[in-house]
Structures are given as C-alpha cells and as structure tokens.
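As structure tokens, the structure follows; a few thoughts come after it.
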Ligand SMILES: [Fe+2]
C-alpha cells in the first residue's frame, strides 16, 4: 500500500458538516426521481463547506493526487449524494458524459449475465478492469474525477488507486526507453462523445513539466483497430510495461469507498481501477429506489468529471 491511510481520508469540519446538513434540508431532494438530475447548489449558503472544498483542491493538486472524504453522518442516503454534487460543482464545471447530456453517471451492474466481452460498458458491469485514467474521450484534458459512493457492494469492489507522479518517476529512472515510447502518438476514440478519433501520447506534460497521463488501454486499442493502424511491437511493449507497473502492489493503494464517502482525484495524475464485485441477490437499482421501490441498493457510485476552469464564462 502506497498512500498512508491516515492521509487518504479527509473529514469536513464540524461547522461545514452542520452547515451542509441544514442547507440540504431546505432543498426538495426527494422530488427528483432521475438519478442523473440534481438540484442547483447555492454556494453562498454553505461558505464553510466551500472553504473545505478549497482545501481538498489543494490536497489533490499536491503530491498526494487523491483523497476520500469521510461520510457526513447526519445526512440521509439521498442527501449524501449531494455531498458529491456540491463538492463537484464547487471544484469547477461538470462535463457532460454521454449523448443524453448527463453530468452525473450512476455506476452499477445493470445485468449480472452481461460482460464487457459481450459488449457491455465497463461502468455497467460487475467486472474489474484495467488501471486507467478517465481522461481519454476528448483531446482536451480536464482536472477532477469524483466518485460518490451511494451504496457498497455485497462482496468485493475494491478501488485501486495509483499515484501518477510516483509511476512517472519510476518510468523516468528505471525505464526511460518505455517513457520515450509513451511520449509518442497513439490513436484514441471519442467514445460516448462522437465517432471521431484523435492522436495523443499517453504521457504529455504541463507547462511546468509535470506529467499528464492518458491511459485506458482497451479504448485505445479499439481506436487503433478502427483506424486500421495496428500498434507496433514497441508500442505494445511500452503498454505492457506501464500496465505491469500499474498492477504492482508497490504503486497501488487499495480501499473500498463506503456509502456516503466521496473519492476525489486529479485524474490526469492519478490512475484508478477496481476489483470485480457482486451485489447480493434481490438488490434494486437507483432508478427504482428513487421511484419508491423498497429494498437494498446494488453497489452504486455517482461519477463526475470536472473541468477546473469553466469554458465560455
Ligand atoms: Fe474510471
């Protein structure tokens, strides 16, 4: 395990927690029956919470790259989803993640019998996946990834976290030949956005020389296939080395985000994955839950992608 557990968790101040709980009581949260829709947050009503959000921004932009906020105990399950939403909207502008215009995507297993091999999308299955960044669908780089845990799974579902700076330093010092290949152009697809493809290295750099990771191997391989542009032996070698480092315990922090907790990361400098999981029998999904069905929820996470500096403002 890489990041010390004590540093991994962030607790909101008591005044921020009380302020948030009191403010959320003034919103008609239960009137919203669509899991992708959230009521707007008035930042001016929760100034202490906002102060904590700025502290969170500093931490994830610093060497640590990710953290998990502890549950605000006073909140109900539905109110706790607004911890994620308030945090996200105060960090920047939520990005639309699909062609339906959704800024929040609920991640849960739609159908136990469906798998990625049969064509299912990763976030709609119970399967584990490769270690990756979410920053792959557009040439533009955005900053923050948030997962708010609505409900934990029955078994498994560990979140696997890798600090990109530590990974980069390992590549630079021990595998410079691999780094050099990762700095060359690969083909990517704008999956979920449109049908086009674009070129980008896996590792580029900020103006101050810090690495920017773009890595989701299955999507990138799909883009190379789609454009009849097979990966070279050298490119496959570099990807194999990168994935082998990502899978090394030395670079991984493994943790299960619990109900009410929110994972926040600087996505382009921290990679993530998850182990496979199983829901219990007879669990219900978030759509049915919001529409009044009684029962235990499936493992459910709310995912947001946040651009720090809003466009057109
Ligand atoms: Fe992801």
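Bear in mind that the values in this text are calculations on the coordinates, not laboratory data. Fair warning: this is a prediction, and the values are worked out from it, not measured in the lab.
Give the span of the chain's Cα atoms along each principal axis, as three whole-Å numbers ordered largest to smallest.
Reported extents, whole Å, longest axis first: 58, 44, 41.
Equivalent ellipsoid semi-axes for region 146-232, as square roots of 5 times the alpha carbon gyration tensor eigenvalues: give them largest first, rounded to whole Å. Before the final figure, lay out the partial values.
Details: eigenvalues 128, 97, 34 Å².
Working from the Cα gyration tensor, I get semi-axes of 25, 22, 13 Å.
Pop out the Kirkwood hydrodynamic radius of region 164-313 from its pairwise C-alpha distances, inverse of mean 1/r, in Å to one decimal. Mind dumping the intermediate values first?
Values: mean 1/r = 0.0544 Å⁻¹.
After inverting the pairwise mean of 1/r, the radius is 18.4 Å.
Tilt of helix 217-226 relative to the longest C-alpha principal axis of the chain, in degrees (0 to 90, nearest 10)?
Taking Cα atoms only, the helix is inclined about 60 degrees.
Considering the Cα positions of region 260-313, please state its Rg to one decimal place and its Dmax as a whole number of Å.
16.0, 47
Evaluate the relative contact order of region 170-313 (contact order divided by residue number), counting alpha-carbon pairs under 8 angstrom at least 6 apart; express in whole percent. Spell out each step's value before the answer.
Working: 113 pairs, mean separation 22.1, N = 144.
Taking the mean separation of contacting Cα pairs over the length of region 170-313, I get 15 percent.
Going by alpha carbons, how many degrees (0 to 90, nearest 10) lie between the helix axis of 164-174 and the longest principal axis of the chain?
Around 20 degrees separate the two axes.
I want to verify the translational diffusion coefficient of region 38-90 in µm²/s; compute it with Stokes-Einstein, Rh as the Kirkwood radius over Cα pairs, at 25 °C and 0.890 mPa s. Numbers along the way, then the final one.
Values: Rh = 12.0 Å.
The Stokes-Einstein estimate is 204 µm²/s.
What is the ratio of the Cα radius of gyration of region 85-146 to 2.2 N^0.38 Å, with N the residue count, to two decimals? Walk me through the numbers on the way to the answer.
Working: Rg = 13.5 Å, N = 62, 2.2 N^0.38 = 10.6 Å.
Expressed relative to 2.2 N^0.38 Å, the Cα Rg reads 1.28.
For the chain, what is the mean residue ellipticity at 222 nm derived from helices alone (per DSSP H run of n ≥ 4: -39500 (n - 2.57); sum divided by total residues; nearest 500 deg cm²/dmol)?
Values: 9 runs with 93 residues, N = 313.
Rounded to the nearest 500, it is -9000 deg cm²/dmol.
Out of all Cα-Cα pairs in region 37-127, roughly what percent, to the nearest whole number, are more than 15 Å apart? Please report the intermediate quantities before stating the final value.
On the way: 2885 of 4095 pairs.
Percent of Cα pairs beyond 15 Å in region 37-127: 70.
Express as a percent, rounded to the nearest 5, the fraction of DSSP beta bridges in the chain (both residues included) that run antiparallel. Numbers along the way, then the final one.
Working: 40 of 43 bridges.
If we restrict to bridges inside the chain, about 95 percent are antiparallel.
For region 111-156, count all C-alpha to C-alpha pairs, find those more than 14 Å apart, and express that count as a whole percent of the total. List each step's numbers first, then the result.
Values: 682 of 1035 pairs.
Percentage above 14 Å: 66.
To test your reading of the geometry: what angle, between 0 and 90 degrees and rounded to tens, separates the Cα axis of helix 47-61 from the longest principal axis of the chain?
For 47-61 against the chain, the angle is about 20 degrees.
Would you kindly calculate the translational diffusion coefficient of region 224-313, applying Stokes-Einstein with the Kirkwood radius from alpha carbon pairs, for 10 °C and a viscosity of 1.306 mPa s, and quote it in µm² s⁻¹ without decimals? Walk me through the intermediate numbers first.
Working: Rh = 17.8 Å.
Stokes-Einstein gives a translational diffusion coefficient of 89 µm²/s.
If contacts are Cα pairs under 8 angstrom and at least 6 residues apart, what is the relative contact order of the chain in percent?
Values: 603 pairs, mean separation 97.8, N = 313.
Across the chain, relative contact order equals 31 percent.
P(r) tail for region 76-181, what percent of Cα pairs lie past 19 Å? Don't jump to the answer; show the numbers that get you there.
Working: 3415 of 5565 pairs.
That tail contains 61 percent of the Cα-Cα pairs.
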